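Peer 1: Dropping a structure here in structure tokens format, bear with me for questions.
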Amino acid sequence: MSLSTSRIWVALGSNLGDRESHLLQGFQNIVDLPSCSNLVRSSIYETSPMGPSEQPDYLNAVCAFDSHLEPLALLSELKRIERQHGRIQATQRWSARPLDLDILLYAEQLINVPELTIPHVGIAHRSFVLWPMAELDDQLQIPSLGAVAELMKHCERYGIKRYSSGAGSTSA
């Protein structure tokens, strides 16, 4: 008996320590999950912080993969990966962190439980999520919100630019 899989979209962000290394290792940590297959990932983007501005800029990316893990089990695995990278749950919203992993979409499911909301809260207003998603599939439909390409037209950019390791960056 084979387990059915769902297409899952996850955002990765880092603004503490070796930001690029945290993201690249985060991708690898997700690939290494026994339940993960067919992972594709976006380029890395740099953005100004959302929320408190007295913190370093973020590096952000998005990946999509197939998994048979249920949403809360996947959330638990992603939290474990964050802790491996030194993340401590802060009480202040939008605080600096070495690695942040957020489930953006879980197939076409709408989920609203205390631990998890899918689609991710604020997804339609975050350039650091929409731009990388569009790179992978700009016609992707976000349940109850619409296509990524349409959402991008009404989204604040937060200073987003494509990141090139050590070679500067270019505007997205």
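Peer 1: Scan segment 6-49 for residues that are touching a Ser or Thr at 6+ places or on another chain (Cβ under 8 Å), touching a residue at least 60 places away in the same chain (Cβ under 8 Å) and farther than 22 Å from Arg162 by Cα and report the count.
Peer 2: So the answer is 2.
Peer 1: Restricting to segment 35-53, and then to whatever is assigned to a loop (DSSP other than H, G, I, E, B) and touching a Leu at 6+ places or on another chain (Cβ under 9 Å), can you tell me which residue is modelled with the lowest pLDDT?
Peer 2: Ser35
Peer 1: Here's a follow-up. Which condition from (1) in contact with an Asp or Glu (Cβ under 8 Å, 6 or more places away or on another chain); (2) modelled with pLDDT of 95 or more is the one that Ser127 breaks?
Peer 2: Unmet for Ser127, out of (1) in contact with an Asp or Glu (Cβ under 8 Å, 6 or more places away or on another chain); (2) modelled with pLDDT of 95 or more: (2).
Peer 1: Considering only segment 23-34, how many residues are outside any helix (DSSP H, G or I), out of contact with any Asp or Glu (no Cβ under 7 Å at 6 or more places or on another chain) and crowded, with 17+ Cβ neighbours inside 10 Å?
Peer 2: Within segment 23-34, residues that are outside any helix (DSSP H, G or I), out of contact with any Asp or Glu (no Cβ under 7 Å at 6 or more places or on another chain) and crowded, with 17+ Cβ neighbours inside 10 Å number 0.
Peer 1: For the condition of a type outside the set (Gly, Ala, Ser), within 21 Å of Pro119 (Cα to Cα) and surrounded by fewer than 18 Cβ atoms within 10 Å (Cβ to Cβ), what is the one hit in Val10, Val40?
Peer 2: Just one listed residue meets the conditions, Val40.
The values are calculated or read from the model by the stated rules, or taken from the named source; none is laboratory data. These figures come from a predicted structure and were not determined experimentally. When we count neighbours, we look across all protein chains shown, and the Cβ atoms used for this are built from the backbone with ideal geometry, even at glycine.
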